[in-house]
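The values are calculated or read from the model by the stated rules, or taken from the named source; none is laboratory data. Just so it is clear, the model here is predicted, and its values are computed rather than measured. Glycine gets a Cβ as well: all are built from the backbone with ideal geometry, and neighbour counts include every protein chain shown. Areas reflect the complete protein model, heavy atoms only, side chains present, ligands, DNA and RNA absent. Shrake-Rupley method; radii C 1.70, N 1.55, O 1.52, S 1.80 Å.
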Amino acid sequence: QVQLVESGGGLVQPGGSLRLSCAASRSIFIRYTMGWYRQAPGKQRELVAVITSGGSTNYADSVKGRFTISSDNAKKMVDLQMNSLKPEDTAVYYCNARDLRLSFWGQGTQVTVSS
């Protein structure tokens, strides 16, 4: 089974930046679509960004222009660069890997944007 571990979360002031990383136990990005999701307290989990094995990306409207998703198959990692952070970005961020049949999740990393 694929293991995913997120890191890089923490407390940051509005307007600041964080870089989240998702480390995979094996080189899966050639076959899987990778994504970052987030869930704020009391709210439903939502898609933040995805990147396909071919390198195509897509972003939620709320983060477009501020967040960038990238993957490195050699390093077995997928990153989420978050700039111009806002308080509404506060959530637990989860890494996801999926194909047509399977889906794998990390345990999440907390991002808190507050002055």
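Going by the structure shown, is SER115 within 27 Å of GLN13 (Cα to Cα), in contact with a helix residue (DSSP H, G or I) (Cβ under 9 Å, 6 or more places away or on another chain) and among the hydroxyl-bearing types (Ser, Thr, Tyr)? For SER115, the condition - within 27 Å of GLN13 (Cα to Cα), in contact with a helix residue (DSSP H, G or I) (Cβ under 9 Å, 6 or more places away or on another chain) and among the hydroxyl-bearing types (Ser, Thr, Tyr) - is met. Could you look through region 59-88, keep only residues that are in a loop (DSSP other than H, G, I, E, B) and of a type in the set (Gly, Ala, Ser), and pick out the one that is modelled with the lowest pLDDT? Looking at residues that are in a loop (DSSP other than H, G, I, E, B) and of a type in the set (Gly, Ala, Ser), I get ALA74. Among the residues of region 104-115, write down those that are over 15 Å from the mean Cα position of the chain (by Cα) and open to solvent by 20 Å² or more (accessible area, probe 1.4 Å). SER114, SER115, listed by residue number. Selection within region 1-46: residues that are assigned to a loop (DSSP other than H, G, I, E, B) and aromatic (Phe, Trp, Tyr). The member of this set that is nearest to PHE104 (Cα to Cα) is TYR32. Restrict the check to region 30-39 and report whether at least one residue is open to solvent by 20 Å² or more (accessible area, probe 1.4 Å) and among the basic types (Lys, Arg). Yes, region 30-39 contains at least one residue that is open to solvent by 20 Å² or more (accessible area, probe 1.4 Å) and among the basic types (Lys, Arg).
On the basis of being open to solvent by 70 Å² or more (accessible area, probe 1.4 Å), in contact with a Lys or Arg (Cβ under 8 Å, 6 or more places away or on another chain) and at pLDDT below 95, does ARG101 make the cut? Here the answer is no, as ARG101 does not meet what is asked. Inside region 65-87, residues that are surrounded by fewer than 18 Cβ atoms within 10 Å (Cβ to Cβ), free of Cβ contacts under 8 Å to residues at least 40 places away in the same chain and under 17 Å from PRO14 (Cα atoms) make up a count of 2.
Is there a residue being touching a residue at least 40 places away in the same chain (Cβ under 8 Å), open to solvent by 40 Å² or more (accessible area, probe 1.4 Å) and closer than 25 Å to SER115 by Cβ anywhere in region 55-63? No, region 55-63 contains no residue that is touching a residue at least 40 places away in the same chain (Cβ under 8 Å), open to solvent by 40 Å² or more (accessible area, probe 1.4 Å) and closer than 25 Å to SER115 by Cβ. Looking at ARG19, is it touching a residue at least 60 places away in the same chain (Cβ under 8 Å), in contact with a Gly (Cβ under 8 Å, 6 or more places away or on another chain) and open to solvent by 40 Å² or more (accessible area, probe 1.4 Å)? Taking the combined requirement at face value, the residue satisfies it. Taking the stated definitions as given, is LEU47 of a type in the set (A, V, I, L, M, F, W, C) and open to solvent by less than 60 Å² (accessible area, probe 1.4 Å)? So LEU47 does not fit the description; no. In the condition set (1) in contact (Cβ under 8 Å) with a residue 24 or more places away in the chain; (2) under 16 Å from VAL5 (Cα atoms), SER103 is compliant with all but (1).
When each of GLN3, GLN13 is tested for being loosely packed, with under 13 Cβ neighbours inside 10 Å, of a type in the set (S, T, N, Q) and farther than 22 Å from LEU102 by Cβ, the lone residue that passes is GLN13.
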